[in-house]
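The values are calculated or read from the model by the stated rules, or taken from the named source; none is laboratory data. Note that the structure is a prediction, hence the values are computed from the model and not measured. Every residue, glycine as well, gets a Cβ built from its backbone with ideal geometry; the counts of neighbours run over all protein chains shown. Side chains are part of the model used for accessible areas, which takes the heavy atoms of the whole protein and leaves out ligands, DNA and RNA. Shrake-Rupley method; radii C 1.70, N 1.55, O 1.52, S 1.80 Å.
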Amino acid sequence: QVQLVESGGGLVQAGGSLRLSCAASGRTYGRDARGWFRQAPGKEREFVAGISWSVGSTYYADSVKGRFTISRDNAKNTVYLQMNSVKPEDTAVYYCAAGITPGTIRYQYDYWGQGTQVTVSS
């Protein structure tokens, strides 16, 4: 079983930066997909960024492309989301996830963290 714990959320001003972390434990072997999703009140959980653990290829939602960067640290079994030039519309609970195959659909992931709140003020 895989456990995922997010950290790094908080309050940040528009235009500022924030880095989220997702530490994994348990049997992560075979879970090549790592991703970040977010959910704002009244909205569906949406894909933000993803990465292949094995090869490091990345992909992003259009809404965050050029502003957010996903990365991994194999030694720490941790995935990061560097959020730059944040906007009020980035306000949401951010979740990290793991799955067998990298993708952009939430149902492709079978392990989820509990989420961390990101609030962007203006």
If I filter segment 104-121 down to residues being on the phi < 0 side of the Ramachandran plot and part of a loop (DSSP other than H, G, I, E, B), which single residue comes out as nearest to the chain's Cα centre (by Cα)? Gly113
Note down all Cβ pairs under 6 Å where the first residue falls in segment 73-93 and is closer than 19 Å to Ser122 by Cβ, the second is among the charged types (D, E, K, R), and they're at least six residues apart or on different chains. Asn84/Arg67; Ser85/Arg67; Ala92/Arg38
How many residues are open to solvent by 30 Å² or more (accessible area, probe 1.4 Å) and outside any loop (DSSP other than H, G, I, E, B) when one looks only at segment 57-79? 7
Name the single residue, out of those in segment 1-52 being of a type in the set (Asp, Glu) and in contact with a Lys or Arg (Cβ under 9 Å, 6 or more places away or on another chain), that is least open to solvent (accessible area, probe 1.4 Å). Glu46
Pairs, please: C-beta under 9 Å, at least 6 apart or cross-chain, first residue over 24 Å from Gln1 (Cα atoms) and touching a residue at least 12 places away in the same chain (Cβ under 8 Å) and in segment 30-51, second polar (S, T, N, Q) and buried (at least 16 other Cβ atoms within 10 Å of the Cβ)? Ala40/Thr91
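Going by the structure shown, is Val86 buried (at least 16 other Cβ atoms within 10 Å of the Cβ), out of contact with any Asp or Glu (no Cβ under 6 Å at 6 or more places or on another chain) and in a strand (DSSP E or B)? Break it down stepwise before answering.
Numbers: buried (at least 16 other Cβ atoms within 10 Å of the Cβ): yes; out of contact with any Asp or Glu (no Cβ under 6 Å at 6 or more places or on another chain): yes; in a strand (DSSP E or B): no.
The answer is no for Val86.
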